[in-house]
Amino acid sequence: MINYFEVEPVLVAHLTDNVEGLLAVDTPFDIDDMLDNSNTTPSVSVIYYGDRMGEISAKGALNVQYQQWLIVLKLTDPMAQGGNTNSLRELANPFILQILKCMQGFDPKLAKFKHFKRVDCPVNVGSSSGFGYFPFLFEIQMFV
């Protein structure tokens, strides 16, 4: 029996092993849950975002299917308030570079999955009172 979400623990381990300086990698259900539990920073949240369906054949069979995963960097900087938030971006920069390096092209080496690629992210960056988050969306082709 296939585990539809078998790539998730591999993602968590990959980010944990390849992004230096993180205090945690968690798996909230959605962005709202992530924001409710954003006490540990710097950290990354791995969130299943949904599926993107590719072409359908003439007989109605699905040809290509992609799982989409949000990788969200979370940081705090008490000095980043109101109109002066550049320190959050400066703090984020080395983490973002590590996340992009380890995720773009990552092959989880699972039979039903190919490799990750970065796609346009529908979730915007956000901040409030010294807390900031930076979301990135990656998708992976899967075979069901």
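Give the residue, chosen from Asp32, Asp17, that is free of Cβ contacts under 8 Å to residues at least 12 places away in the same chain, within 18 Å of Ser127 (Cβ to Cβ) and charged (D, E, K, R). Let's see the steps before the verdict.
Numbers: Asp17 fails: within 18 Å of Ser127 (Cβ to Cβ).
Selected residue: Asp32, the only one of Asp32, Asp17 that is free of Cβ contacts under 8 Å to residues at least 12 places away in the same chain, within 18 Å of Ser127 (Cβ to Cβ) and charged (D, E, K, R).
I need a count of the residues in the stretch 85-139 that are charged (D, E, K, R), within 20 Å of Val25 (Cα to Cα) and surrounded by fewer than 14 Cβ atoms within 10 Å (Cβ to Cβ).
2
Does the stretch 38-46 include one or more residues that are more than 14 Å from the chain's Cα centre (by Cα), farther than 14 Å from Phe134 by Cβ, modelled with pLDDT under 95 and not in a strand (DSSP E or B)?
Checked against the condition, which is being more than 14 Å from the chain's Cα centre (by Cα), farther than 14 Å from Phe134 by Cβ, modelled with pLDDT under 95 and not in a strand (DSSP E or B), the stretch 38-46 yields at least one hit.
Can you tell me which residue within the stretch 73-84, out of those that are part of a strand (DSSP E or B) and modelled with pLDDT under 90, is surrounded by the fewest Cβ atoms within 10 Å (Cβ to Cβ)? Walk me through it before giving the result.
Keep residues of the stretch 73-84 that are part of a strand (DSSP E or B), which gives 73-76, 81, 84.
Narrowing further to those that are modelled with pLDDT under 90: 81, 84.
Details: Gln81: 14, Asn84: 9.
Selected residue: Asn84.
Looking at the stretch 106-118, I want the residues that are closer than 18 Å to Arg52 by Cβ and in contact (Cβ under 8 Å) with a residue 24 or more places away in the chain and have a partner that is surrounded by 18 or more Cβ atoms within 10 Å (Cβ to Cβ) and of a type in the set (Val, Ile, Thr) with Cβ atoms under 6 Å, at least 6 apart or on another chain. Which pairs are those?
Here the result reads Pro108/Val7; Phe113/Val7; Phe113/Ile140; Phe116/Ile140, each pair linking the stretch 106-118 to a residue that is surrounded by 18 or more Cβ atoms within 10 Å (Cβ to Cβ) and of a type in the set (Val, Ile, Thr).
Look through the stretch 110-144, keep the residues that are closer than 30 Å to Gly83 by Cβ and in a loop (DSSP other than H, G, I, E, B), and return whichever of them is modelled with the lowest pLDDT.
Within the stretch 110-144, the match that is modelled with the lowest pLDDT is Ser129.
For the stretch 7-32, which residues satisfy the criterion of being outside any loop (DSSP other than H, G, I, E, B) and either among the aliphatic types (A, V, I, L, M) or modelled with pLDDT under 95 (or both)?
Looking only at the stretch 7-32, we keep the residues that are outside any loop (DSSP other than H, G, I, E, B), and these are 7-18, 24-26, 31-32.
Hits for the stretch 7-32 are Val7, Val10, Leu11, Val12, Ala13, Leu15, Ala24, Val25, Ile31, Asp32.
Give the residues of the stretch 1-26 that are among the polar types (S, T, N, Q) and over 21 Å from Val144 (Cβ atoms), sorted by residue number. Write out each step before concluding.
Applying the first criterion (among the polar types (S, T, N, Q)) to the stretch 1-26 yields 3, 16, 18.
Listed by number, the residues that qualify are Thr16, Asn18.
Take the stretch 31-60 and flag every residue that is exposed (fewer than 13 other Cβ atoms within 10 Å of the Cβ) and of a type in the set (Asp, Glu).
Within the stretch 31-60, Asp32, Asp36, Glu55 qualify.
Is there a residue in the stretch 52-72 that is touching a strand residue (DSSP E or B) at 6+ places or on another chain (Cβ under 9 Å), part of a loop (DSSP other than H, G, I, E, B), under 18 Å from Ile96 (Cα atoms) and not aliphatic (A, V, I, L, M)?
Kept after step one, since they are touching a strand residue (DSSP E or B) at 6+ places or on another chain (Cβ under 9 Å), are these residues of the stretch 52-72: 52-56, 62-72.
Still in the running and part of a loop (DSSP other than H, G, I, E, B): 54-55, 63-64.
Within this subset, residues satisfying the condition of being under 18 Å from Ile96 (Cα atoms) are none.
No, every residue in the stretch 52-72 fails to be touching a strand residue (DSSP E or B) at 6+ places or on another chain (Cβ under 9 Å), part of a loop (DSSP other than H, G, I, E, B), under 18 Å from Ile96 (Cα atoms) and not aliphatic (A, V, I, L, M).
The values are calculated or read from the model by the stated rules, or taken from the named source; none is laboratory data. In this text, all values refer to a predicted model and were calculated from it rather than measured experimentally. Positions of Cβ are generated from backbone atoms using ideal geometry, with glycine treated the same way; all protein chains shown enter the neighbour counts.
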